[in-house]
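Below: the structure, in structure tokens.
What follows draws every value from the coordinates through simple rules; no lab data is involved. Keep in mind that this is a model prediction, so the values were computed, not measured. Note that we place each Cβ from the backbone using ideal geometry, even for glycine, and neighbour counts take in every protein chain shown.
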Amino acid sequence: MTAERGASFSTKVPEGDTRPRRVCDTCGFVDYENPRLVAGVVAIRDEKVLLCRRAIEPRKGFWTLPAGFLEDRESVEEGARREAQEEAGAEVDLEGVLGVYSVPRISQVHIYFRARLLTTELAPGEESLEARLFAWDEIPWEELAFPSVTWALSHYRETRGSAAFPARSNPVGERGDYRS
């Protein structure tokens, strides 16, 4: 069921629910608003990590891991691979989920994979000013775009070289806010 075109909506708690939602006054359709999912990779080649300098807002000019919003009917794995390709021209082999990070202030959930970078040449896409490999001591920590990038990189560093690595979530008390 979908709401009719031009229908009016009211905010109320639908029967059997516990939260206020937008509900169509005509047909009762509930317009659920749910968090957006972001998929990305911590891609490594020769002990170096792939980062992209953002060409778009928010945080234009800052460094990030290849990541972005999932498309409809796309798996998290497909989205992570697609984002690596779109943002850096990179082919990656996913090794497993590294972390799942909640950013409730902006209703997002970020899912990062450990990945092996298969590409030798990088080709930044439209959303990236540049794509580059960084040794750990070269990572521009003060110029990282989002807290989830820092969390994923830190978790990768803690677990690199391990065949088994437990997926992580936000550090206790951190909600993922960033400077605008």
Residue set Asp17, Asp46; condition within 30 Å of Glu138 (Cα to Cα) and either free of Cβ contacts under 8 Å to residues at least 60 places away in the same chain or loosely packed, with under 13 Cβ neighbours inside 10 Å (or both); output residue Asp46
> Any chance the stretch 30-39 includes a residue that's of a type in the set (Asp, Glu), over 16 Å from His110 (Cα atoms) and part of a strand (DSSP E or B)?
Replying inline: yes
Per the filter on the stretch 48-69, residues outside any strand (DSSP E or B) and under 12 Å from Ala115 (Cα atoms) are Leu65, Pro66
Subset of the stretch 73-106, residues polar (S, T, N, Q) and surrounded by 13 or more Cβ atoms within 10 Å (Cβ to Cβ), comes to Gln85, Ser102
Residues in the stretch 59-106 that are under 26 Å from Gly161 (Cα atoms), of a type in the set (Val, Ile, Thr) and within 15 Å of the chain's Cα centre (by Cα) total 4
Per the filter on the stretch 107-124, residues surrounded by 24 or more Cβ atoms within 10 Å (Cβ to Cβ), farther than 16 Å from Leu70 by Cα and either under 11 Å from the mean Cα position of the chain (by Cα) or of a type outside the set (Gly, Ala, Ser) (or both) are Arg114
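For every residue, the table says whether it meets (1) small (Gly, Ala, Ser); (2) free of Cβ contacts under 8 Å to residues at least 60 places away in the same chain; (3) out of contact with any strand residue (DSSP E or B) (no Cβ under 6 Å at 6 or more places or on another chain); (4) in a loop (DSSP other than H, G, I, E, B).
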site: Glu74; (1), (2), (3), (4): no, yes, yes, yes
site: Ala80; (1), (2), (3), (4): yes, yes, no, no
site: Ala84; (1), (2), (3), (4): yes, yes, no, no
site: Gly96; (1), (2), (3), (4): yes, no, no, no
site: Arg105; (1), (2), (3), (4): no, no, yes, no
site: Arg114; (1), (2), (3), (4): no, no, no, no
site: Leu153; (1), (2), (3), (4): no, no, yes, no
site: Ala164; (1), (2), (3), (4): yes, yes, yes, yes
Within the stretch 52-72, the residues that are in contact with a strand residue (DSSP E or B) (Cβ under 8 Å, 6 or more places away or on another chain), surrounded by 13 or more Cβ atoms within 10 Å (Cβ to Cβ) and not polar (S, T, N, Q) are Cys52, Arg53, Arg54, Ala55, Phe62, Trp63, Leu65, Pro66, Ala67, Gly68, Leu70
